[in-house]
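A quick write-up on the structure given underneath.
No lab work stands behind these numbers, since they all come straight from the coordinates. The shown structure was predicted, so the numbers you read here are calculated from the model rather than taken from an experiment. Reconstructed Cβ throughout: ideal geometry from the backbone, glycine too, with neighbour counts over all protein chains shown.
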Amino acid sequence: MSCVLCILEWCCALVVLALLIRRWLRADADLTLLWAEWRGKKPEAVLPGQVVWVTGASSGIGEELAYQLAKIGSLLALSARRENELERVKKKCLEISSLSDKDILIVPLDLTNRSSHGPATKSVLQHFGKIDILVNNGGRSQRSLFVDTSVDVYSAIMELNYLGTVSLTKHVLDHMIQRRRGKIVTMSSVMGIMGAPLATGYCASKHALQGFFNSLRPELTEYPGISVINICPGPVQSQIIQNVFTEEVSKVNKNVGDQTHKMSTERCVRLTLVSTANDVKEAWISDNPYLAVCYLWQYAPTWAWWLLNRIGKKRIENFKSGVDADVSYYKKSS
Ligand SMILES: NC(=O)c1ccc[n+]([C@@H]2O[C@H](COP(=O)([O-])OP(=O)(O)OC[C@H]3O[C@@H](n4cnc5c(N)ncnc54)[C@H](OP(=O)(O)O)[C@@H]3O)[C@@H](O)[C@H]2O)c1
Ligand SMILES: *[C@@H]1O[C@H](CO)[C@@H](O)[C@H](O)[C@H]1NC(C)=O
């Protein structure tokens, strides 16, 4: 009798384990973040009335951030280079939310023009009197092999993704330190965790951001009201592939391909807001297999290096044949 019970127990345990593994394979974020989404604070409880400055707000993830924040009732400063696109985003924000004209400030900004970052910060502070949250989102990716790429491209990527972010953060942090509160949210990438072929310069810039913010955080322990939050998305639908750096600084990427297999912009932004509301220090937001590769890279790097040599080959083949580099890793979402 006890033997039968014992077998039953084991069967139950295996079923539970199989269900958990099945759930985990379908997960689109790391366990800390999924927990925060399930049990943590809701963005709707934390973000209304907060002044949020979003860079790269003229398209993709930044644009969607503006829409979701507007609906929640945050006050917005929107930055990017293209003022007309920011006007379009502002207009839609006003349509879909109960914000009024003065609740959304457009601040045209080139992240690579560092002398403009001080005046821009001043203009946001003059308008709203405070900045609660800075979202360092503006940036550009890369699609080119190192051997074919000019070193000028590496310099341009670092100027934009890394130094632009560091510079703006410096100005805004001064203000947050005075107030002893604030959140600095930075769009890193899974490529801030792992490596990937075709993105040597981009990976380097996101690794630089990870190193920078992971070192800044322990410099701010005297200010428990200030949090440093790094967001690491995998492939997400946006204009990023149209805007990538290529072999030369001025060469435009013509190889865009279908993007519909990637995570929706809405989902990535929702999880970003959950991370922000809960001060998640590092959030991995990605479908598998990239999510699994993040775990592997973090906990068993020698296996990750082995694996990336294999799956990376496919990425390069895809790129050379003119389809999206990541297309073969995803089933089309139905
Ligand atoms: N989509 C993904 O798969 C993915 C994955 C991981 C991480 N990310 C990160 O997410 C962030 C947003 O990218 P996205 O996917 O939303 O791409 P996107 O649609 O190309 O948006 C990029 C934004 O950055 C702005 N930007 C570009 N150069 C700029 C400059 N010199 N100064 C100021 N703003 C500049 C662009 O606006 P203007 O052209 O008007 O200046 C645009 O608003 C980036 O940091 C990217 O690395 C994206
Ligand atoms: C950089 O910003 C400064 C200050 O806003 C501005 O005067 C200057 O023209 C800008 N430089 C470029 C190259 O756009």
Among the residues of segment 132-155, which ones are aliphatic (A, V, I, L, M) and within 28 Å of Glu219 (Cβ to Cβ)?
Ile133, Leu134, Val135
Qualifying residues in segment 140-163 (those that are in contact with a helix residue (DSSP H, G or I) (Cβ under 8 Å, 6 or more places away or on another chain) and small (Gly, Ala, Ser)) - the one nearest to ligand 2 (Cβ to nearest atom):
Ser141
Any hit, segment 310-319, residues being within 23 Å of Ala27 (Cα to Cα), β-branched (Val, Ile, Thr) and crowded, with 17+ Cβ neighbours inside 10 Å:
no
Would you be able to tell me the number of residues in segment 111-123 that are more than 6 Å from ligand 2 (Cβ to nearest atom) and closer than 16 Å to Leu160 by Cα?
4
Listed by first then second residue, the pairs whose first member lies in segment 302-319 and is within 14 Å of Tyr290 (Cα to Cα), whose partner is of a type in the set (Gly, Ala, Ser) and buried (at least 17 other Cβ atoms within 10 Å of the Cβ), with beta carbons under 6 Å and at least 6 positions apart or on separate chains, are Arg315/Ala325
